[in-house]
Amino acid sequence: MLTIAGSQGETFCDGISRRGFLKIGTLGLGGATLPQILQAESTTRHKPLDHKAVIMIFLAGGPPHQDMWDLKMDAPSAVRGEFKPISTNVDGIQIGELFPQMARMMDKFAVIRSMVGASGGHDAVQCLTGRKANGPQPPGGWPSIGAVLSKLKGQSDPAIPSFLGLSPKCGHDQWGDPGKPGFLGPSHSAFAPFRGGGKDDMVLKDISIERLADRKSLLKSFDRFRSEVDNSGAMAGVDTFTEQAFGVLTSSRLSEAFDLSKEDPKVVERYGKGTEKLTADGPWKRLDQFLMARRLVEAGARCVTLGFSRWDWHGNNFGRARTDFPMLDQGITALVQDLHERGMDKDVSVVVWGEFGRTPTINPQGGRDHWPKVSTALLAGGGMKTGQVIGSTTRDGGEANDRPVEFPEVFSTLYHNLGIDARRTTIDDLSGRPRYLVESQYPPLPELVG
């Protein structure tokens, strides 16, 4: 289900409520004509992208960096943990043994081992905006990178939202946050199909959930609906958000992007399915959302955010890692391999990270606790120089040893990959004051783009 939030009480000239107008299901929705649908279904695959995009994978709760890609075999046993390092296809780089697929294609990844400056809060704000949640905030708050791209670049295709969030609604809601629009306003919010209601929302004017199964009836109703709105002149007076929503509603491309039955079965199998069951109060472990993200970007999205599992492991750190690490390994390697095979690796940037790292010392419950002093990030695609490790940590993995990297530096790099000079580009806040996307002291990482 896709719900596009609108203000209550507003109506168009023909009496359709704005809220009702902006509700639709993700079943096989029709376009203007049947030939257009058939043409879309037969579109040649592997078509080069005509836009830049970013896929952001959020590991809610803070993943244990020293058990993943920065193992400390020389540390005491109370720090070292249970896993061993393995060699990769890049000489001199080793990562954790539970990431064998990543090890075989390490040349396509860059690991930052020295992320610093985390705020320590259990939220996604820093990973979505590059700004601290407890730092200075303009009225309305800082916009996320997806909202910024929606504002600056708009839609590359009127049928596909620029900014989508694939995370579900979580018990700890910040962990399912797709990224807020901040002072840019709701017209630049993420389209978040898995955070809404149920079948009651899947109604478009007089089309019931049963009639949604009848494609021909749906097409006929859609044609009549669009004609009524056009003839009423309502579209001439509605705001940007509604115009964007109307473009989505009158095309089947969005629903097709979510329809994995259209994908090569071998590709679907490579990604895997995972599980839709929520992980306590955190996100699910869906592997097919990695494939959805690629399909949405290929269809025209500029930013897709998603959450994978719940990483706040105060107990049983190693037992949980034995389940989650291989799944994450499968998801991210399938995605990056897919991007390279489809010629999208220069245009699509991938970043994987959480809000902070974990303590060097293993606690009595066999877990690691919150540790904002240092964490890790994984990057791929975007035309970046991969096959390298940036920065290092101390012997116990507790602090950055050299080349500390701050969150805004990563954002400056992502914006650079998207064709935006973040230190010179501004957007006006609610008071009309121009705000830089990233402050001038944070250039793109020269190791990646220099």
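The values are calculated or read from the model by the stated rules, or taken from the named source; none is laboratory data. As the structure is a prediction and not an experimental result, all values here were calculated from the model. Using ideal geometry, Cβ is built from the backbone for each residue, glycine included, and neighbour counts are taken over all protein chains shown.
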Response to the item:
For segment 65-80 the number of residues that are part of a loop (DSSP other than H, G, I, E, B) and under 35 Å from the mean Cα position of the chain (by Cα) is 6
Worksheet item: For segment 87-110, does any single residue satisfy the condition of being within 22 Å of A422 (Cα to Cα) and either among the β-branched types (V, I, T) or touching a Ser or Thr at 6+ places or on another chain (Cβ under 6 Å) (or both)?
Response: yes
Item to complete: Go through segment 123-178 and give me each residue that's in contact with a Leu (Cβ under 7 Å, 6 or more places away or on another chain), among the aliphatic types (A, V, I, L, M) and closer than 20 Å to W311 by Cα.
Response: L166
Item to complete: Pick out the one residue from F99, F58, F83, F21 that is more than 25 Å from the chain's Cα centre (by Cα), closer than 30 Å to C170 by Cβ and modelled with pLDDT of 95 or more.
Response: F83
Fill in: P372, sole failed condition from (1) of a type outside the set (S, T, N, Q); (2) more than 14 Å from F109 (Cβ to Cβ); (3) surrounded by 22 or more Cβ atoms within 10 Å (Cβ to Cβ)
(3)
Response to the item:
With the first residue restricted to segment 353-367 and required to be closer than 13 Å to H65 by Cα, and the second required to be of a type in the set (S, T, N, Q) and crowded, with 24+ Cβ neighbours inside 10 Å, Cβ contacts under 6 Å at 6 or more apart or on different chains are F356/S375; G357/S375
Response to the item:
Filter segment 290-339 for residues that are among the polar types (S, T, N, Q) and under 17 Å from G176 (Cα atoms); the one that is surrounded by the fewest Cβ atoms within 10 Å (Cβ to Cβ) is S309
Practice prompt. Determine whether A280 is among the hydrophobic types (A, V, I, L, M, F, W, C), over 19 Å from the mean Cα position of the chain (by Cα), buried (at least 21 other Cβ atoms within 10 Å of the Cβ) and within 28 Å of Q66 (Cα to Cα).
Written response: no
